[in-house]
Amino acid sequence: MTNEEQRTPQGDQPGDEVPVAGPEANASGPAPQDEDLTVDDILSTEQDASAAGDPGAAAEAENPYLEDLRRITAEYANYRKRTEANAAIEKQRATAAAVLPMLSVLDDLDRAEQHGDLEEGSAFATIATKIRSTFERLGLESFGEKGEPFDPQLHEAIAQVPVPGTESETVLDVIERGYRIGDVELRPAKVAVAVGG
């Protein structure tokens with residue numbers, strides 16, 4: 001059967017031809033398209049950045065996940081900072097939990113020092129120095145000194161003593177020192193406060 005025999009009886013109108021089967025179908029030429037493109041179709045299509053000739057925008061268009069990658073990277077950096085900060089605080093809390101029962105020993109050493117039992121060069125004074133230095137290596141800090149301004153965030157007022165001429169509340173005497181490890185407060189300082197009389 002030839003091409004002319006495959007034509008419909010309606011006549012020789014373009015586009016009414018039936019595709020040819022066999023060796024003639026493999027002949028070179030443009031591939032058949034479902035729709036014919038017009039100039040309006042080509043002009044109305046949106047051009048991507050690579051077609052416009054902008055190489056930076058072309059890279060963005062080629063990698064649509066770049067913004068997601070940047071966001072995830074920033075989230076991971078923030079997560080890492082938070083976990084490092086939380087780990088440091090948890091380490092301080094664990095150390096504080098181990099040191100807290102030993103604060104009574106430090107209180108006894110302070111009382112012995114006030115009563116003159118820690119004479120310079122004695123064996124007891126040497127042991128007290130070693131105990132205090134061990135706690136300092138663990139990060140234990142004491143606070144609460146005579147004469148400093150009273151701060152209810154740091155001090156627990158055990159007594160108020162009227163002192164004439166006192167303009168602001170100050171620490172008159174320290175009954176028990178306050179202690180902290182880093183940002184973790186183990187206990188406030190117990191103090192007597194001088195108030196205006």
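Setting aside same-chain residues fewer than 8 positions from residue 190, which lysines have a Cα under 30 Å from its Cα?
Excluding near neighbours in sequence, the set is 91, 130, 146.
Rounded to the nearest 0.05, what FRET efficiency do residue 115 and residue 86 give with R0 = 35 Å and r taken as the Cβ-Cβ distance? Could you check?
0.20
Hey, any idea what % of the range 105-197's accessible area is carbon plus sulfur with a 1.4 Å probe?
Using a 1.4 Å probe with all protein chains present, the range 105-197 comes out at 50 percent carbon and sulfur.
The values are calculated or read from the model by the stated rules, or taken from the named source; none is laboratory data. On a predicted model such as this, the values are computed, not experimentally measured, just so you know. All Cβ positions, glycine included, derive from the backbone under ideal geometry; neighbour counts span all protein chains shown. Note: accessible area is taken over every heavy atom of the protein model, side chains too, but ligands, DNA and RNA are not part of it. Shrake-Rupley method; radii C 1.70, N 1.55, O 1.52, S 1.80 Å.
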